[in-house]
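Data first, discussion second: the structure below is written as structure tokens.
The values are calculated or read from the model by the stated rules, or taken from the named source; none is laboratory data. Predicted model only: the values in this text are computed from it and were never measured. Just so you know, the surface numbers come from the protein's heavy atoms only, side chains and all, with ligands and any DNA or RNA stripped out. Shrake-Rupley method; radii C 1.70, N 1.55, O 1.52, S 1.80 Å.
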Amino acid sequence: MTTVGEIMSKDLITVDPNSSVAEAATIMGEHHAGSALVMDGQSLQGIFTERDIVRALGEHFDAAGHPVSNWMTRDPVTIESGSDVHDALDRMLSGGFRHLPVIQDGQVVGLVSMRDVSKATSG
């Protein structure tokens, strides 16, 4: 069994809930990342994705200057680092999302993407 902890990215891309959509998009672009975890200190507040950027700009002409907290997914679905990658795949497919924050001992320790999971389950 391959665990989520074995395939997750430990290089977390994070933003503050008050970061602007433009700031978050720039950080995500610099890291070639499709999402950023919205953190208040060590506490996971949400996740902000490429889809959220498109939705924000489609809803408000000057959304780039507004905080990510207006468009992030609050209290995102998470997965434990010791979980099987197939459980991660099931959660992503049933929820319709491509990124899952990974939790260990109540703390965010990584992020697993659909790309990570598909590589691990295709071999």
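For n ≥ 4 DSSP H runs only, could you compute -39500 (n - 2.57) per run for the chain, divide by its residues and tell me the 222 nm figure to the nearest 500?
About -10000 deg cm²/dmol.
What does the accessible area per residue of the chain come to in Å², with a 1.4 Å probe and no ligands, DNA or RNA counted?
54 Å²
Once you sort the root eigenvalues of the Cα gyration tensor of region 71-123 as a ≥ b ≥ c, which label holds: rounded (a/c under 1.5), prolate (a/b larger than b/c) or oblate (the other case)? Write out the running numbers ahead of the final one.
Working: a/c = 1.99, a/b = 1.24, b/c = 1.61.
Verdict is oblate for region 71-123.
Would you work out the relative contact order for the chain, in percent, from Cα pairs under 8 angstrom that are 6 or more residues apart? It would help to have the intermediate numbers written out before the result.
Values: 210 pairs, mean separation 38.2, N = 123.
Computed value for the chain: 31 percent relative contact order.
In Å and on Cα atoms, what radius of gyration and Dmax does the chain show?
14.3, 47
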